[in-house]
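The values are calculated or read from the model by the stated rules, or taken from the named source; none is laboratory data. Bear in mind the structure is a predicted one, so any value in this text is a computation, not a measurement. Here Cβ is always computed from backbone atoms with ideal geometry, including for glycine, and neighbour counts include all displayed protein chains.
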Amino acid sequence: MKRASNESTLLILAASFAAGAAAVWLLGRLWTPRVPAEESYTDAQLRERVRLRIADMVADPDAIEVDVEDAVVRVRGNVSAAELHPLLMELSGMPGVSRVRNALSARDRGQDASAAAAA
């Protein structure tokens, strides 16, 4: 009698384990966190977003031209040497930007002062 009781207890434990494992597997399949798709922008939208970001980061944003084609951003113009690297890093990390082509010229402090004196 005791042996039958032990066997039925083991059978109940095995069935409970199997049911729990199946429930965990099913819940994992149903409630897998969804990773949002990469934000998608038209070239015109992306150009505007890049222009706004540049305006926040450099002293003379009008000195920089921005072109966007197939999510590839091309920047050209003049920035101070201190602004160049942080700007390129920021632009390359923006959602929707696949690549940044740099055609910027970096000015050093001496060039900044002479440009201001000429104006």
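Annotations
- Restricting 28, 93, 77, 110 to those that are exposed (fewer than 11 other Cβ atoms within 10 Å of the Cβ), out of contact with any Gly (no Cβ under 8 Å at 6 or more places or on another chain) and modelled with pLDDT of 80 or more reduces the list to 93.
- When we screen 56, 67, 60 for residues that are surrounded by 15 or more Cβ atoms within 10 Å (Cβ to Cβ) and acidic (Asp, Glu), the only hit is 60.
- The set of residues in the stretch 53-73 that are under 12 Å from residue 87 (Cα atoms) and either of a type in the set (A, V, I, L, M, F, W, C) or outside the structural domain of residue 91 (by TED's automatic domain parsing) (or both) comprises 54, 55, 57, 58, 59, 64.
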